[in-house]
Every structure is written in structure tokens, then in C-alpha cells.
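**Student:** Please see the structure below; I have some questions.
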Amino acid sequence: MFSGFEKIVEERIRQSLEKGEFDNLPGSGKPLSDEDASIPEDLRMAYKILKNAGCLPPEIELKKKIAETRDLMENMEETGERYRMLKKLNFLIMKLNSMRRSSPDFEMPQAYMEKISEKL
């Protein structure tokens with residue numbers, strides 16, 4: 001289900017396609033590069049080797065663990081086990097946020113913050 005803004009964007013993209021405004025773009029008809037432009041060029045080969053070997057960067061591993069922990073907690077009742085899982089989840093989120101070298105505005109919020117803001 002689209003929001004009003006998304007509907008406007010989709011409509012403008014459709015109109016541009018009909019007018020042919022996307023026909024002569026650079027690289028049109030060529031396959032997309034699978035290299036990530038955000039990865040420094042000197043690290044791309046090493047990342048590709050690790051990816052082919054089934055290894056993930058630590059940040060991605062943590063994100064997967066966070067998602068798994070959230071999934072596990074979803075159907076748990078309010079018990080001591082859920083509290084321990086919540087502590088584990090918040091620890092993983094804190095660890096992920098400490099690895100990033102970006103503004104705190106882009107950090108993942110810890111799980112208890114969502115509950116507090118819902119109650120307020």
C-alpha cells in the first residue's frame with residue numbers, strides 16, 4: 001500500500017517512462033555492476049573473496065543476529081527469558097552502534113526505547 005507521496009513518485013516515474021525520458025541514459029542496456037561504490041577500490045577484491053567464501057563483514061553479522069533475536073522475542077511471553085533476550089538484543093545493538101563511525105542520529109535505537117516512546 002502506497003502513501004500519498006509514493007503514489008506521486010510512482011506516477012511521475014510512469015509518465016517519464018512513457019515520454020521516453022529514460023531511454024538514452026548512460027549505461028542503458030548494460031548490466032549493472034555488482035561492485036558496491038561505497039567500498040574503497042583497494043578493498044573490493046578482498047570483500048569479494050570473503051563474500052564468495054560465505055564470510056560476512058562483522059556489521060552484517062551483527063545485523064543478522066539482531067534480526068534473529070527480534071524474531072525469537074516476537075512470540076515470547078513476558079518472562080525472565082524474554083528479559084534476558086531483551087538485554088542480549090540491546091547489547092547487540094549497542095555493539096553495532098559502537099562499530100559505526102557515523103552520527104549518533106543514524107544509530108539503531110535500543111529495543112526498550114521503542115516501548116518507552118509507545119507508552120508516552
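The values are calculated or read from the model by the stated rules, or taken from the named source; none is laboratory data. Owing to the predicted nature of the structure, the values given are computational and were not obtained by experimental measurement. Note that we place each Cβ from the backbone using ideal geometry, even for glycine, and neighbour counts take in every protein chain shown. Keep in mind that these areas ignore ligands, DNA and RNA; they rest on the heavy atoms of the full protein, side chains included. Shrake-Rupley method; radii C 1.70, N 1.55, O 1.52, S 1.80 Å.
**Student:** Ranked highest first by average number of other Cβ atoms within 10 Å, how do 66-77, 19-30, 87-98 line up?
**Tutor:** 87-98, 66-77, 19-30
**Student:** Can you work out the Karplus-derived ³J(HN,Hα) for every residue in the stretch 13-28? Use 6.51 cos²θ - 1.76 cosθ + 1.60 with θ = phi - 60°, whole Hz, and x for glycine or proline.
**Tutor:** Each residue's phi maps through the Karplus curve to give 5, 4, 5, 5, 4, 5, 6, x, 6, 9, 5, 10, 6, x, x, 4 Hz.
**Student:** For the stretch 80-95, just list the computed ³J(HN,Hα) in residue order, Karplus coefficients 6.51, -1.76 and 1.60, θ = phi - 60°, integers in Hz, with x standing in for Gly and Pro.
**Tutor:** Values per residue, Gly and Pro as x: x, 5, 5, 4, 5, 5, 5, 5, 5, 4, 5, 5, 4, 5, 4, 5 Hz.
**Student:** Using unit Cβ charges (K, R positive; D, E negative) and no other charged atoms, how large, in debye to the nearest 20, is the dipole of the stretch 57-100 about its Cα centre?
**Tutor:** Computed charge dipole of the stretch 57-100: roughly 280 debye.
**Student:** Under 5 Å between amide H atoms, partner at least 5 residues away or on a different chain: which partners does Ile39 have, H built in plane at 1.01 Å?
**Tutor:** Under 5 Å from the amide H of Ile39 lies no amide H from a residue far enough along the sequence or on another chain.
**Student:** Extending each Cα 7 Å along its Cβ direction at Ile39 and Lys87, get the distance between those two points in nm, one decimal.
**Tutor:** Taking the two extended label points, one gets 3.7 nm.
**Student:** May I pose another question? Among the lysines, select those whose C-alpha is under 30 Å from the C-alpha of Lys30, and discard any that sit fewer than 8 residues away in the same chain.
**Tutor:** Straight-line reach from Lys30, under 30 Å: Lys7, Lys19, Lys48, Lys51.
**Student:** Something else: Taking all protein chains as present, what is the carbon and sulfur share of the accessible area of the stretch 57-100, in % to the nearest whole number, probe 1.4 Å? Write down the numbers at each step before the final one.
**Tutor:** Numbers: 1710 of 3100 Å².
Exposed carbon and sulfur together represent 55 percent of the surface.
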